[in-house]
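Visitor: Mind looking over this structure? Questions follow.
Since every read-out is calculated from the coordinates, none of them should be taken as a lab result. Source: prediction; values computed, not measured. Neighbour counts run over all protein chains shown; Cβ positions are idealised from the backbone, glycine included.
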Ligand code: ADE
């Protein structure tokens, strides 16, 4: 997979790309990441990428020219059609099914905005999907792009140490994850549930399923409603 990030702050991404699961996926060649500075596509001598809004109002708006040119230049650098994702609080709310969908593509372009927003013609004049990582406003799309990259890359086959560990993640089957324990068996008076020490894999699997359901019922009942709704993401037997 290839992911290109278009940003005014490419340096934000570098330490992340060297660390952890994403770093390992990069060094093993599972994913190739390109960082492009939108400012390199500015034309004036101040290298401006933003301007004041028509009609007045506070803040600055990211201008069309450098963004269009950056996206077009990166899109022309290789064969194929990238999926272009504009990070914005106005986009589709990201969830695990959106992540799975993105992880199925060969090439993503993540476009990070700054200032008060994008010139509307960036939304309407370019083939982009708008994606939000949550109902709150960040000062730029960079933190959102990091979230998207992390969530997508860990789904690539081979990215996680254990081939099946993404399968057990929270949300993968529409439920929160069951509680996990490791050594010691007892810590400050808190014991590991006996069933996990029983060696009975059938019982352990049933207990985990029940715990996942119960935890979801308590903390995120909305997820259960989604599962039960006609056309909801998945049924109990999936
Ligand atoms: N840019 C600013 N806020 C954002 C959000 N919540 N999601 C994605 N991109 C953003």
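Visitor: Assign one of three labels to the range 170-228, namely rounded, prolate or oblate, based on the Cα gyration tensor with a ≥ b ≥ c the square roots of its eigenvalues; rounded applies when a/c is under 1.5, prolate when it is not and a/b is larger than b/c, and oblate otherwise.
Guide: Prolate, since a/c reaches 1.5 and a/b exceeds b/c.
Visitor: While we're looking at this one, here's another question. Rg and Dmax of the chain, Cα atoms, in Å?
Guide: 21.6, 70
Visitor: Right, another one. For the pair residue 225 and residue 192, what calculated FRET efficiency results from E = 1/(1 + (r/R0)^6), where r is the Cβ-Cβ distance and R0 = 41 Å, to the nearest 0.05?
Guide: According to the calculation, E is roughly 0.80.
Visitor: Jot down the radius of gyration and Dmax of the range 83-167, Cα atoms only, both in angstrom.
Guide: Calculated on Cα positions, Rg and Dmax stand at 13.6, 44 Å.
Visitor: Test of understanding: what is the full-extension gain from residue 72 to residue 97, defined as 0.36 nm times their sequence separation minus their Cα-Cα distance?
Guide: Extra length from residue 72 to residue 97 when fully extended: 6.2 nm.
Visitor: Computed FRET efficiency, Cβ-Cβ of residue 127 and residue 185, R0 41 Å: what is it to the nearest 0.05?
Guide: Efficiency for this residue pair is about 0.15.
Visitor: Next question. What number, rounded to the nearest 500 deg cm²/dmol, is the helix-based mean residue ellipticity at 222 nm of the chain, given -39500 (n - 2.57) per DSSP H run of at least four residues and division by all its residues?
Guide: After summing the helix terms and dividing by residue count, I get -9500 deg cm²/dmol.
Visitor: Can I ask one more? Please give the direction-averaged projected area of the C-alpha convex hull for the range 1-98, in square nanometres with one decimal.
Guide: Averaging across all directions leaves 8.6 nm² for the Cα convex hull.
Visitor: Below 8 Å between Cα atoms, with a sequence gap of 6+, how large is the relative contact order for the chain in percent?
Guide: Taking the mean separation of contacting Cα pairs over the length of the chain, I get 18 percent.
Visitor: What is the helix-to-structure angle for 201-219, meaning the angle in degrees between its Cα long axis and the longest Cα principal axis of the chain, kept from 0 to 90 and rounded to the nearest 10?
Guide: 50
Visitor: Using the per-residue mean of other Cβ atoms lying within 10 Å as a proxy for protection, in what order, highest first, do the peptides 133-143, 183-193 fall?
Guide: The most tightly packed comes first, giving 133-143, 183-193.
Visitor: Between residue 47 and residue 11, how many nm apart are label points set 7 Å from Cα along the C-beta direction?
Guide: Each label point lies 7 Å from its Cα, and together they span 1.1 nm.
Visitor: Could I have the simple spin-label model distance between residue 177 and residue 136, label points 7 Å from Cα toward Cβ, reported in nm to one decimal?
Guide: Result for the modelled spin labels: 2.1 nm.
Visitor: Give me P(r) over the range 127-238, computed from all C-alpha to C-alpha distances, binned every 10 Å, as integer percentages.
Guide: Histogramming the range 127-238 at 10 Å steps yields 11, 28, 36, 19, 5, 0 percent.
Visitor: I want the antiparallel fraction of DSSP beta bridges within the chain, as a percent rounded to 5.
Guide: If I count the DSSP bridges inside the chain, around 15 percent turn out antiparallel.
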